[in-house]
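A short worksheet on the structure shown next.
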Amino acid sequence: MKRVMTATEVARNFSEVLDQVVAGDQIVITRGNVEIVVMNSASSQEPNSKLLAKSLDEHFAKYGPISQKEAKRKLDRLNEMRELDMMLEAEKWNR
């Protein structure tokens, strides 16, 4: 069951909200009528590898395959972005 709650409601009833999430409910938390976050049970989440595979299947179905050269270029760029993210995260923790 999907429920929409304000951040204040969640804060005031946090234990009950967690019980609802564990029971399988999905809680959408809003602030000022804007969706901020969706809470789901961690056990109901698909692994990132499956989500990535599904996204790639959809992408290739829509746009077709790419060359090995283009794939390598994209993979190199992803690795650069990942390394930058890791450096920024390390800097944050070393402050």
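Values in this text are rule-based calculations from the coordinates and carry no lab data. Everything quoted here is computed from the prediction, not taken from an experiment. Cβ coordinates were reconstructed from backbone atoms using ideal geometry, including for glycine residues, and neighbour counts include every protein chain displayed.
Can Ser55 be described as surrounded by 10 or more Cβ atoms within 10 Å (Cβ to Cβ), in contact with a helix residue (DSSP H, G or I) (Cβ under 9 Å, 6 or more places away or on another chain) and of a type in the set (Gly, Ala, Ser)?
No.
Quick check on the stretch 16-75: of everything there that is among the β-branched types (Val, Ile, Thr) and assigned to a helix (DSSP H, G or I), which residue is farthest from Arg3 (Cα to Cα)?
Val22
Can you spot a residue in the stretch 62-84 that is surrounded by 10 or more Cβ atoms within 10 Å (Cβ to Cβ), of a type in the set (Gly, Ala, Ser) and under 20 Å from the mean Cα position of the chain (by Cα)?
For the stretch 62-84, residues surrounded by 10 or more Cβ atoms within 10 Å (Cβ to Cβ), of a type in the set (Gly, Ala, Ser) and under 20 Å from the mean Cα position of the chain (by Cα): absent.
Restricting the search to the stretch 11-38, which residues are among the hydrophobic types (A, V, I, L, M, F, W, C) and without any contact (Cβ under 8 Å) to a residue 24 or more places away in the chain?
Those that are among the hydrophobic types (A, V, I, L, M, F, W, C) and without any contact (Cβ under 8 Å) to a residue 24 or more places away in the chain: Ala11, Phe14, Val17, Leu18, Val21, Val22, Ala23, Val34, Val37, Val38.
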